[in-house]
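Note sheet for the following structure.
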């Protein structure tokens, strides 16, 4: 960890991270030499309480000569982590799904228009006998988009989920 090199005189670099959501969530924490459960776990609890994900939070501690005890360490790491999360900026991320569309060439413009209309994007295009496109669409709009594009093309565009 580069932080150990940069902050070489620190006593501990305790952390927690959380990635993904739901059944695809992964999380870890480290006490980095502090008594078990006194540093990383309270940091993780702060992340969970704030309902943030896709985040890493490191708390660096310099020993100041006063032993805090396990309760003091838990409070100190937990409070610092909660304060950092409260002060940090947040960015909401929209979850996307990938769809594959196969369309006749004359319907390519229709697909472009429909994708732009819902704020999606065409991430790949393959030109063969027909046009095959990979489309990125907000998860919440997948089903309405599928119905809309099939209806607009009178069923001539084929749509497959690509998760």
For this session: Using R₀ = 22 Å, calculate the FRET efficiency as 1/(1 + (r/R₀)^6) where r is the Cβ-Cβ separation of residue 10 and residue 79; round to 0.05.
Result: 0.75
Exercise. What does the convex hull of the alpha-carbon atoms of the chain project to on average, in nm²?
Worked result: 13.1
Exercise. How far is it, in nm, from the label point at residue 19 to the one at residue 126 when both lie 7 Å from their Cα along the line to the Cβ?
Worked result: 2.8
For this session: Once you have all Cα-Cα distances for segment 96-161, histogram them in 5 Å bins from zero and send the whole-percent values.
Result: 4, 19, 36, 29, 10, 2, 0
Problem set entry | Principal axis dimensions, segment 67-123 - Cα atoms, whole angstrom, descending | 74, 19, 12
Seminar exercise, completed: Between the Cα axis of helix 40-49 and the main Cα principal axis of the chain, the angle (0 to 90°, nearest 10) is 50
For this session: Relative to the longest principal axis of the C-alpha atoms of the chain, give the angle of the C-alpha long axis of helix 108-117, reported between 0 and 90° and rounded to the nearest 10°.
Result: 40
Problem set entry | Length gained when the stretch residue 54-residue 118 is fully extended (0.36 nm per residue, less Cα-Cα span) | 20.5 nm
Problem set entry | Net lengthening on full extension, residue 95/residue 62 (0.36 nm per residue, minus Cα-Cα) | 8.0 nm
Seminar exercise, completed: In deg cm²/dmol, rounded to the nearest 500, the helical mean residue ellipticity at 222 nm of the chain, built from -39500 (n - 2.57) for every DSSP H run of length 4 or more, is -10000 deg cm²/dmol
Exercise. Which whole-number percent is the relative contact order of the chain (Cα, under 8 Å, 6+ apart)?
Worked result: 19
Exercise. Can you give the FRET efficiency for residue 102 and residue 143, using 1/(1 + (r/R0)^6), R0 = 22 Å, r = Cβ-Cβ distance, to the nearest 0.05?
Worked result: 0.75
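Readers should treat all values here as calculations from the given coordinates under stated rules, not as data from a laboratory. Small disclaimer: the values here were computed from a predicted structure and weren't measured. Counting neighbours? That spans all protein chains shown, and the Cβs are built from the backbone with ideal geometry, glycine included.
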